[in-house]
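Since the structure comes first, as structure tokens, the remarks are kept for the end.
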Amino acid sequence: MRHAVLRCGALALACVAAVASACGAPPDDARISVVTPDRAQFPPVSALLDHRCGSLDCHGARTRNLQIYGCEGLRLGDAAPGCRSSSGTDTSVEEHEATFRSLVALEPAVMSAVVQGGGAHPELLTFVRKARGTEAHKGGALITPGDDQDVCITSWLAGATNLDACAAAVAEPVRVR
């Protein structure tokens, strides 16, 4: 009997050790792999985000979780605010990159899932829900599913940025809703 109890105790201890090692912290040098939409297709989306959301009183503020850089708001380095053209082409490559990193870093696991799913469920991303007004957003609903702005963003998430939709969205004046 005593031998059976010791064997059961040893088995229980081995199970606890196995569970504890399986639930342990990852190594210090571990990296999370994030699947992102194509960076090369991002500049037209970045121009839209700068135009619609990048003003200094919105996501052009350094205090926001999502920071949008560009000629219409928050700048990198010593660049002066202001665009010489309505297309936002005065935004630097580095500013597009900074906006890309800020956006992808918001919800990397969710971003990976949406991109791996071919962009099928963009509403899983908080920034899409807030822009569409389906989640509380200080700026209110800024886009409508299926409009040029929405198509610009969702086509990028799906892997084929619709350049015509992005250009039309950037050309639209910003409306207060």
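The values are calculated or read from the model by the stated rules, or taken from the named source; none is laboratory data. Since this is a predicted model, take the numbers as computed values, not measurements. Reconstructed Cβ throughout: ideal geometry from the backbone, glycine too, with neighbour counts over all protein chains shown.
Does ALA113 satisfy being surrounded by fewer than 14 Cβ atoms within 10 Å (Cβ to Cβ) and at pLDDT 90 or above?
Against the criterion (surrounded by fewer than 14 Cβ atoms within 10 Å (Cβ to Cβ) and at pLDDT 90 or above), ALA113 does not qualify.
Which of the residues belonging to the range 145-165 are assigned to a helix (DSSP H, G or I) and small (Gly, Ala, Ser)?
Residues satisfying the conditions are SER155, ALA158, ALA165.
Can you list residue pairs whose Cβ atoms sit under 6 Å apart, with the first residue in the range 113-124 being more than 15 Å from ASP150 (Cβ to Cβ) and the second being not in a loop (DSSP other than H, G, I, E, B)? Count only pairs 6 or more apart in sequence or on different chains.
Short answer, once both residue conditions are applied: GLY118/ALA158.
Kindly establish whether GLY140 is outside any helix (DSSP H, G or I), surrounded by 15 or more Cβ atoms within 10 Å (Cβ to Cβ) and at positive phi.
Here the answer is no, as GLY140 does not meet what is asked.
Looking at ASP164 and the list (1) within 18 Å of the chain's Cα centre (by Cα); (2) modelled with pLDDT of 95 or more; (3) charged (D, E, K, R), which single condition is not satisfied?
Status for ASP164: all satisfied but (1).
Has the range 100-110 got any residue that is in contact with a His (Cβ under 6 Å, 6 or more places away or on another chain), in contact (Cβ under 8 Å) with a residue 24 or more places away in the chain and at negative phi?
Let us first name the residues in the range 100-110 that are in contact with a His (Cβ under 6 Å, 6 or more places away or on another chain), namely none.
No, that holds for no residue.
With respect to ALA169, is the statement that it is touching a residue at least 12 places away in the same chain (Cβ under 8 Å), of a type in the set (Gly, Ala, Ser), surrounded by 20 or more Cβ atoms within 10 Å (Cβ to Cβ) and touching a Lys or Arg at 6+ places or on another chain (Cβ under 8 Å) true?
yes
Given the residues ASP28, ASP57, which is the only one that is of a type in the set (Asp, Glu), modelled with pLDDT under 85 and farther than 21 Å from PHE100 by Cβ?
Values: ASP57 fails: modelled with pLDDT under 85.
Matching residue, one of ASP28, ASP57: ASP28.
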